[in-house]
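To start, the structure itself, in structure tokens.
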Amino acid sequence: MLIAVTGGIGSGKSVVSRVLTAMGYDVYDCDWRARRLIDGSREILGEIAARISADVVSGEWRLDRRALAAIVFADSEKLAILNEITHGAVRRDLAEWAAAHAGSGKPVFVETAILYESGIDRMADRVWEVVAPTEVRIERAMMRDGADRESVERRIAAQASERSGKHHDVRLIVNDGFRAVLPQVLSQLN
């Protein structure tokens with residue numbers, strides 16, 4: 001069984017993933033794997049330079065992620081282009097990873113902020129959506145990323161349409177800073 005752990009920026013999906021990892025479950029981190037895939041592919045970097053901005057890829061084939069984020073989170077069309085470039089590579093990598101972990105007899109997990117837009121919802125048997133109040137999410141993201149409020153709000157707005165998708169089996173985990181996450185994870189596992 002492949003279970004997707006999803007939620008918007010600052011919701012706490014990484015907290016849930018770290019709990020699962022500490023419990024011995026395998027978790028595919030889409031952000032980390034996408035970084036690895038992009039950094040290892042001149043083809044992907046070249047496409048980002050050509051279709052989004054040449055200024056975000058150096059002559060040494062290194063991606064300036066801050067500059068890229070500033071561009072794509074301020075321009076929904078460029079964000080869509082970036083997602084188009086990376087989603088297919090991530091889905092293929094996830095499928096290979098999940099197949100390699102299939103023999104364990106226990107569920108495997110994929111952490112993703114953009115479940116529906118990426119098409120990973122069609123690969124997942126179940127979805128755990130991690131939710132938190134907007135103000136809590138903003139504060140967490142500002143602290144974690146050293147970002148200003150406006151840039152975090154733009155990222156939340158850019159992800160807002162992502163919540164419109166519907167999976168046939170969605171379970172909520174509330175990470176509001178008051179309810180303990182571990183009992184909710186244990187309940188979902190049972």
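Summary table below
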{"item": "Single residue of 65, 42, 91 found to be surrounded by fewer than 17 Cβ atoms within 10 Å (Cβ to Cβ), out of contact with any Cys (no Cβ under 8 Å at 6 or more places or on another chain) and closer than 27 Å to residue 150 by Cα", "result": "65"}
{"item": "Those residues of region 41-56 which are outside any helix (DSSP H, G or I) and modelled with pLDDT of 95 or more, in sequence order", "result": "52, 53"}
{"item": "Hey, residue 72 hydrophobic (A, V, I, L, M, F, W, C), within 28 Å of residue 140 (Cβ to Cβ) and modelled with pLDDT under 95 or not", "result": "yes"}
{"item": "Any pair with Cβ under 6 angstrom, 6 or more apart, that starts in region 103-114 at a residue that is in contact (Cβ under 8 Å) with a residue 40 or more places away in the chain and ends at one that is in a helix (DSSP H, G or I) and acidic (Asp, Glu)", "result": "114/162"}
{"item": "Boolean, residue 129 is at pLDDT 90 or above, under 16 Å from the mean Cα position of the chain (by Cα) and not aromatic (Phe, Trp, Tyr)", "result": "yes"}
{"item": "Answer residue from region 116-140, given it is of a type in the set (Ser, Thr, Tyr) and touching a residue at least 40 places away in the same chain (Cβ under 8 Å) and is surrounded by the most Cβ atoms within 10 Å (Cβ to Cβ) among those", "result": "118"}
{"item": "Residues of region 1-37 classified as more than 26 Å from residue 148 (Cα to Cα) and in a loop (DSSP other than H, G, I, E, B), total", "result": "5"}
{"item": "Test result for residue 68, over 24 Å from residue 170 (Cα atoms) and either part of a helix (DSSP H, G or I) or under 18 Å from the mean Cα position of the chain (by Cα) (or both)", "result": "yes"}
{"item": "Residue within region 113-125 that is over 26 Å from residue 43 (Cα atoms), of a type in the set (Gly, Ala, Ser) and in contact with an Asp or Glu (Cβ under 9 Å, 6 or more places away or on another chain) present", "result": "yes"}
{"item": "Within region 102-113, considering residues that are buried (at least 17 other Cβ atoms within 10 Å of the Cβ) and not polar (S, T, N, Q), the one nearest to residue 159 (Cα to Cα)", "result": "113"}
{"item": "Residue in region 94-138 that is farthest from residue 8 (Cα to Cα), counting only those that are among the charged types (D, E, K, R), touching a helix residue (DSSP H, G or I) at 6+ places or on another chain (Cβ under 6 Å) and part of a helix (DSSP H, G or I)", "result": "121"}
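The values are calculated or read from the model by the stated rules, or taken from the named source; none is laboratory data. Model, not experiment: these values are computed from the prediction. Note that each Cβ is placed from the backbone with ideal geometry, even for glycine, and that neighbours are counted across all protein chains shown.
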